[in-house]
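The values are calculated or read from the model by the stated rules, or taken from the named source; none is laboratory data. What you see is a predicted model, and the numbers here were worked out from it, not measured in a lab. Note: ideal-geometry Cβ built from the backbone for every residue, glycine included; neighbour counts use all protein chains shown. Areas reflect the complete protein model, heavy atoms only, side chains present, ligands, DNA and RNA absent. Shrake-Rupley method; radii C 1.70, N 1.55, O 1.52, S 1.80 Å.
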Protein chains: 2
Amino acid sequence: MKLFGYWRSSAAYRVRIALNLKQLSCEHESVHLVKNGGEQHSAEYQSLNPNELVPTLVDDDFSLNQSMAILEYLEQKYPQLPLLPESLEAQMTCRAIALDIACDIHPLNNLRVLQYLTSELQHNDQEKNDWIIHWLQVGFTNLEKILNKTAGVFCFGDKVSWADICLVPQVYNAERFKLDMSPYPKIANIVKHCRSLPEFIKAAPENQHDAVI
Amino acid sequence: MKLFGYWRSSAAYRVRIALNLKQLSCEHESVHLVKNGGEQHSAEYQSLNPNELVPTLVDDDFSLNQSMAILEYLEQKYPQLPLLPESLEAQMTCRAIALDIACDIHPLNNLRVLQYLTSELQHNDQEKNDWIIHWLQVGFTNLEKILNKTAGVFCFGDKVSWADICLVPQVYNAERFKLDMSPYPKIANIVKHCRSLPEFIKAAPENQHDAVI
């Protein structure tokens, strides 16, 4: 398998964590989202992923985009070391937490949206930052309430799942934009625990071969 | 089962279509997203769904939010009349198309985002409309390319799937904001076909008991 990603992309980061937790080997190809106007817009990459976004997973001759679809693919094709609970209701609750992040937090603060706010809508850095912080606060406030009901050492009990796989990259993002994490002790504790694990460490942005720090 | 939704919510609309296609009966409870500052923010609804968004599905004593998690729940709990293809790769492609809409188009144009653009960022109606049209055009341009490879009478071949369930509400939204659909003939044709089917007609916003037309 080959994963087309980018060190700082939260969506690619999710897939890297899942690959590591499932002990799957994968080649990593960097698509630089900023250099030369963004390599994701090149004709070559577009032919692989018309959405011009990362990640894209290529497994033999099958190519798949959307990080949440890729997690699903890995789960079904490589069922060893499952990343979702077995019981139907627990599984669905985990999925919903992951989607709370993937559908309601992450899309509002990704690169193309921030670029539109500054270039098209002429917002300055302070206004852009307020936008980012606003959606993180809305999302994390809700998530903290949910996790207070579901969490153990991980988002759902004491077993790692998609919810953690989505949470850790989202918190990485929040820290980049200096969100005050003190109102979210449950989120902070889960992320702290995840970050002590080798599968999460290996997947971290700063440990990717294309990282620029 | 009881679905907490709203006639114009695209996410609730997805679930209504799925329930109809799977021939599942369900009670519909309206959560008015605008009246009284938005009934989704009431303490009662928050206790059901801390995200203060619709839809929420309640099945006996199990409550689940996130429309894509609800589609998954219906698929696994009621496997009759499947809404995803059987083969792994086809299934994943359908999921990715559905997520292209649910993660990359819909979240940018939902009510709370538009409210933030006008109230916090002080944009006028024209600027708000440009924002909406921009993200629809980006999303639909990509989607048209993808569907040119995958579609038959539906998004994926000639069988209805999650991709159609997400597409029809998104096009309903686009029409509300008067997007010129002529650059997207494939999308338009699929939606036209879906709209001829009773399961889609029954789920349409204008046919809900809380519709205000």
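Select the helices (runs of 4 or more DSSP H) contained entirely in the stretch B:158-208, then report the ones holding at least 2 residues which are open to solvent by 10 Å² or more (accessible area, probe 1.4 Å) and in contact (Cβ under 8 Å) with a residue 60 or more places away in the chain.
Where helices (runs of 4 or more DSSP H) fall fully within the stretch B:158-208 and carry at least 2 residues being open to solvent by 10 Å² or more (accessible area, probe 1.4 Å) and in contact (Cβ under 8 Å) with a residue 60 or more places away in the chain, they are B:162-176, B:198-203.
More than 7 Å from chain B (Cβ to nearest Cβ), at pLDDT below 95 and not in a helix (DSSP H, G or I): is that true of A:Gln126 in this structure?
So A:Gln126 fails the test.
In the stretch B:134-142 there is at least one residue matching the filter, namely being more than 9 Å from every other protein chain (Cβ to nearest Cβ) and either open to solvent by 40 Å² or more (accessible area, probe 1.4 Å) or farther than 30 Å from B:Val212 by Cβ (or both).
Sort through B:Ala43, B:Ala18 and tell me the only one that's free of Cβ contacts under 8 Å to residues at least 12 places away in the same chain, over 12 Å from B:Leu111 (Cβ atoms) and among the aliphatic types (A, V, I, L, M). Walk me through how you get there before you give the answer.
Working: B:Ala18 fails: free of Cβ contacts under 8 Å to residues at least 12 places away in the same chain.
Going through B:Ala43, B:Ala18 in turn, just one is free of Cβ contacts under 8 Å to residues at least 12 places away in the same chain, over 12 Å from B:Leu111 (Cβ atoms) and among the aliphatic types (A, V, I, L, M): B:Ala43.
Looking only at residues of the stretch A:102-111 that are part of a helix (DSSP H, G or I) and either touching a residue at least 40 places away in the same chain (Cβ under 8 Å) or aromatic (Phe, Trp, Tyr) (or both), we find that the one that is most open to solvent (accessible area, probe 1.4 Å) is A:Leu111. Tally the residues that are open to solvent by 30 Å² or more (accessible area, probe 1.4 Å) and at positive phi, restricting the search to the stretch B:147-157. Within the stretch B:147-157, residues that are open to solvent by 30 Å² or more (accessible area, probe 1.4 Å) and at positive phi number 0.
Across the stretch A:50-84, which residue is surrounded by the fewest Cβ atoms within 10 Å (Cβ to Cβ) among those that are at the interface with another protein chain (Cβ under 9 Å from one of its Cβ atoms) and of a type in the set (S, T, N, Q)? Ranking the qualifying residues of the stretch A:50-84, first place goes to A:Gln76.
Given the options B:Ser10, B:Ser47, name the one that is hydroxyl-bearing (Ser, Thr, Tyr) and open to solvent by 30 Å² or more (accessible area, probe 1.4 Å). Can you show your working first?
Numbers: B:Ser10 fails: open to solvent by 30 Å² or more (accessible area, probe 1.4 Å).
None of the other options fit; the residue is B:Ser47.
Within the stretch A:21-36, the presence of at least one residue that is in a helix (DSSP H, G or I), among the polar types (S, T, N, Q), open to solvent by 10 Å² or more (accessible area, probe 1.4 Å) and farther than 25 Å from B:Ala90 by Cα is confirmed.
Note on the stretch A:103-123: residues that are aliphatic (A, V, I, L, M) and more than 8 Å from chain B (Cβ to nearest Cβ) amount to 4.
Only residues that are crowded, with 22+ Cβ neighbours inside 10 Å and either in contact with a Pro (Cβ under 9 Å, 6 or more places away or on another chain) or not small (Gly, Ala, Ser) (or both) were counted across the stretch B:85-101, and they come to 8.
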